[in-house]
Amino acid sequence: MNGKKEYRNILQKTSVFGYVQLVSLLTGIVRSKIAAFWLGTQGVGILGLLSSSFSLIIAITSFGLPTSIIKLLSKETDDETITRKIYVISKIICILGIIGSLLCFIFSKQLSSLAFDTDDFTWAFQLLSVSVFFKQIFSGYISIFQATNKLKLLANVNIIANIVGILITIPLYYYFRINGIFYNFLIITIVEVIIIYFALKYNNYAKIRVHKKEIIQEAKPILSSSITFSFTGTITLLSIYLVQVYISKAGNLEEVGLYVAAFTILNSYIGLVFVVMGNEYFPRIAKNNITSITLNLNVNQQLYIGLLIVIPMLLWLITLAPLVINILYSESFSDSIHLMKIASLGIFFKVFSWTLGYVILVKASNRFIILNSTIFNLAFLGLHVTGFYFFRLTGVAYAFSLYFFIHFIGNLFITHQMFNFRMNKEIINYLIISGTLLVINILISLILEDTLISNIFNGLSALIISLLSLKKILDIYKK
């Protein structure tokens, strides 16, 4: 295998965030269990809608600044320029946080009606407006850590935030039940900012003063470049949000709860690969001096490592889906099992589509990025609404997998035509073999419905692929 050093670097950085994801997974298990136990499927549905609303508000009012920060700072090599830009960015973050907080408070009644079809939750969105300010601060500085390659600091901040967060969640859900969801958002975001404060205090970020006029001058190009990322981030979250709202209106909150349960497990369990993409891979390919040859190499390496990690995880998830649902939630969430199994194929294609998507985000023009994002998100929304209309939640799972297959093929075509990207033969072979194996496991699991034969076949497949992947990973570390 060529480029063992580069593969080792990716794996080492993956392992750093592996610890973060493990802590996130464990705290997620506790959070999901207590949510299912004390809030029920309806409460989980409310939590899902509120989380989507919150994420959408953050995406709109942040103007895409977190992503823009990574792209801008990753290109800089001069320490003084980086320090200067961080100072300007910190001021912008605070201003956007205040704007977002005010907008959330002003439109709290409308947000409640849109999300829950009632203004009964107006007070909750007013409370949430304070959380918007603190979350903007947290997200902005997290992006600065990513862009300046302070990955261990980033990992530690996330680990502490996860642990403290669950310690806050447990008593709030216990004493306040569903109302505890809203108090939880507020307190956790305050704690996150406190953690960021100490992270900045005890780490070496040089301090610099910039005059107000200079801040305004330097802020203009930063905000200008953020508009594209604001649009793409907002429309992506909006499409997910509208799917959940549609399910709640065409179905009910219980179905939203089942939907949220399945995709929370998929995104948290398999999330390691996508966390690494955002934290390490994106800044790496965003550098100004990267050549087409280096870009091709980086993308293929990221795909290779991603597949080595994701395929075994998906196979184990398909095999152990009923157990996972019972551990994380309860038997009342058993309808999420089929949804999760079918959608796991979408996660497989998501590894490819996201890896290629970051190339488009870095290399394409702003106009093309906006057009590309609009088309794909309309497809996402259309497929999911159609899927639920005809086949309820099962249709949503098929729509999810179909969408990410289309997204992968589309991004592959775009990156090949515009940036001369080519997947190497090894990746193509992995795509065909692992994709086929995954489909077979899903079909056997669905047709035989978790019988002994199904569990033995899928369990053996997962074990064999896990051992093969482990061998390849160990080979990378050999000199």
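Take the residue pairs K363/K471; K33/K71; K5/K91; K152/K350; K135/K425 and return only those whose Cα atoms are more than 32 Å apart. Pairs exceeding 32 Å: K363/K471; K33/K71; K5/K91; K135/K425. Judged by the gyration tensor of its Cα atoms, with axes a ≥ b ≥ c, region 251-478 is oblate; a/c meets the 1.5 cut and b/c is at least as large as a/b. A full extension of the chain between S15 and N455 corresponds to an added length of 155.5 nm, given 0.36 nm per residue minus the alpha carbon distance. Placing a pseudo-label 7 Å from each Cα along the Cα-to-Cβ vector at L102 and W123 gives an inter-label distance of 2.6 nm.
Order of 32-39, 169-176 by packing, highest average Cβ count within 10 Å first? Before the final figure, lay out the partial values.
Working: 32-39: 19.1, 169-176: 16.0.
The most tightly packed comes first, giving 32-39, 169-176.
Mind running the shape call on region 15-61? Use the C-alpha gyration tensor, a ≥ b ≥ c as the square roots of the eigenvalues: rounded below 1.5 for a/c, prolate if a/b tops b/c, oblate otherwise. Oblate. Ellipticity at 222 nm from helices only: DSSP H runs of n ≥ 4 in the chain, each -39500 (n - 2.57), divided by the residue count, give -31000 deg cm²/dmol. The alpha carbon gyration tensor of region 1-155 gives principal lengths a ≥ b ≥ c with a/c of 1.5 or higher and a/b no greater than b/c, which makes the shape oblate. Note on K91/K287: beta-carbon distance plugged into 1/(1 + (r/R0)^6) with R0 of 22 Å gives a FRET efficiency of 0.30.
By other beta-carbon atoms within 10 Å, ranking Y403, Y87 with the fewest at the front produces Y87, Y403. When F134, F198 are arranged by Cβ crowding within 10 Å, least crowded first, meaning fewest neighbours, the order is F198, F134. Exposure proxy ranking for R31, R84, based on other Cβ atoms within 10 angstrom of each Cβ and starting from the fewest, stands as R84, R31.
Counted by Cβ distance under 12 Å from L443, the other residues give a net charge of 0, where Lys and Arg count +1 and Asp and Glu count -1. Rounded to the nearest Hz, the phi-derived 3J(HN,Hα) couplings of region 126-141 under the Karplus curve 6.51 cos²θ - 1.76 cosθ + 1.60 (θ = phi - 60°) are 5, 5, 5, 4, 5, 4, 4, 4, 5, 5, 4, 4, 4, 5, x, 6, where x marks glycine and proline.
Read-outs throughout are calculated quantities, based only on the coordinates presented, and are distinct from any laboratory measurement. What you are looking at is a predicted structure, and each value in this text was computed from that prediction instead of being measured. In this analysis, Cβ positions are derived from the backbone assuming ideal geometry, glycine residues included, and neighbour counts consider all displayed protein chains.
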